[in-house]
Amino acid sequence: MNLVVREATQDDAKLIAGLTRAAWAGKVSVTSSGHRETAVLVAEHLRDGGGFVLELDDKPIGSVRWLPLDSEQDVWEVCRMGVLPEYRGSNLSQHLLEAVIHHGLASGVEEVRLAVRADQPKLIDFYTAYEFELAEELEYSHANPLEPAPLVMRRSLRH
C-alpha cells in the first residue's frame, strides 16, 4: 500500500471537484454547497490558497484545500476535506490534515482554522487530537447560510 499526499496544481481542479462531490455524497447534508462543487471554484481556491490530493497506489482517494482569510492572510481556513467512502474508517484524512498543518508551519502561517458541521460533532474529538481548540467566538467565513452555523476550531502554529 503506497500512500502519498501531493500538492494540488491547477490541473487538479476537475479531479478535486469530483472527489469532493463523491466524498460528501451520502455523508454531508444535501444542502451543503460541497455537493455542487465545480472545477471553477476549486481552481479559484487553489489559486488563492492551495490544496492537497491523497493518493493510494497512484489512485486519488481524497483531497483538502485551504484559503487565507481576507482580513488575516496569515490565518488559513481548511475547507472541503474528504476521503472517498470506500476508503473511510482508517483515519486517512489525518494525512490531509497533517499536510496542511506542516505546510502552514513551513509557510509561517500564524493559525489554521476549520469548521465542524453542526451535524458532525464527533469530529471535535478528532480535531482536538491534532491540537485544535473550539473557538466559539469565531465565525467560519465560508459558512453556508442555508445551514446551521458550524463550530469553528483553531490551532495556533506559532512556535
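The values are calculated or read from the model by the stated rules, or taken from the named source; none is laboratory data. Not measured: the values here are computed from a predicted model. Reconstructed Cβ throughout: ideal geometry from the backbone, glycine too, with neighbour counts over all protein chains shown.
Do we find that GLY104 is of a type outside the set (A, V, I, L, M, F, W, C), crowded, with 19+ Cβ neighbours inside 10 Å and touching a helix residue (DSSP H, G or I) at 6+ places or on another chain (Cβ under 8 Å) in this structure?
Spelling it out, it is not the case that GLY104 is of a type outside the set (A, V, I, L, M, F, W, C), crowded, with 19+ Cβ neighbours inside 10 Å and touching a helix residue (DSSP H, G or I) at 6+ places or on another chain (Cβ under 8 Å).
When TRP66 is tested against (1) in contact with a Cys (Cβ under 9 Å, 6 or more places away or on another chain); (2) at pLDDT below 95; (3) not aliphatic (A, V, I, L, M), exactly one condition is not met: (2). Against the definition (basic (Lys, Arg), loosely packed, with under 13 Cβ neighbours inside 10 Å and modelled with pLDDT under 95), how does ARG36 come out, yes or no? Taking the combined requirement at face value, the residue satisfies it. The set of residues from segment 84-132 being more than 21 Å from LEU69 (Cβ to Cβ), of a type in the set (A, V, I, L, M) and assigned to a loop (DSSP other than H, G, I, E, B) comprises LEU84, LEU92, ALA118, ALA129.
Within segment 72-88, the residues that satisfy the criterion of being touching a residue at least 40 places away in the same chain (Cβ under 8 Å) and of a type outside the set (A, V, I, L, M) are GLU77, CYS79, ARG80, GLY82, PRO85. Would you confirm whether any residue within segment 50-71 is closer than 24 Å to PRO145 by Cα, in a helix (DSSP H, G or I) and among the acidic types (Asp, Glu)? No: zero hits. The listed residues are GLU136, GLU111, GLU98, and the only one of them that is crowded, with 16+ Cβ neighbours inside 10 Å, over 18 Å from GLU37 (Cβ atoms) and not aliphatic (A, V, I, L, M) turns out to be GLU111. Taking residues in segment 43-71 that are farther than 14 Å from VAL112 by Cα and without any contact (Cβ under 8 Å) to a residue 40 or more places away in the chain, and partners anywhere that are outside any strand (DSSP E or B) and among the basic types (Lys, Arg), the pairs with Cβ atoms closer than 9 Å and at least 6 places apart or on different chains are ALA43/LYS14.
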